[in-house]
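Remarks on the structure that follows.
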Amino acid sequence: MLNIFRKLSLIEGSSLLILLLIAMPAKYQFGYFDIVWQVGMTHGVLWLTYVTVSLLVSHKQNWSVLFWTLVLFASVIPFACFLLDSKLRQPEEPDPMLVASEN
């Protein structure tokens, strides 16, 4: 479930970047008004899915409320999805008992 959320996070974050860096300039600089509605609607559906799946994953992974709040903020800050992905990809801390028994 975490891997699905990581992929969804990258897709949702990319849709935010497309909205901000391509669709909005296309609307205001070149007069293409329809692109913002299409990209905006896609981004909105992806964002709602992101929030729902993040709640499911947070319960399954036992995330703190603070960490889940940071995950939620990562959905609205451009490029934060890539930082979140690197954080979620990090392996868990090694068990001190296992490290001590290897020596």
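In table form, for the structure just shown:
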read-out: For Val51: the one exception among (1) farther than 20 Å from Ile18 by Cβ; (2) among the β-branched types (Val, Ile, Thr); (3) surrounded by 12 or more Cβ atoms within 10 Å (Cβ to Cβ); value: (1)
read-out: Test result for Leu84, assigned to a helix (DSSP H, G or I), surrounded by 13 or more Cβ atoms within 10 Å (Cβ to Cβ) and at pLDDT 95 or above; value: no
read-out: Helices (runs of 4 or more DSSP H) within segment 4-81 that include 2 or more residues in contact (Cβ under 8 Å) with a residue 12 or more places away in the chain; value: 34-61, 65-74
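The values are calculated or read from the model by the stated rules, or taken from the named source; none is laboratory data. This is a predicted model, so every value here is computed, not measured. Positions of Cβ are backbone-derived with ideal geometry, glycine not excepted, and every protein chain shown enters the neighbour counts.
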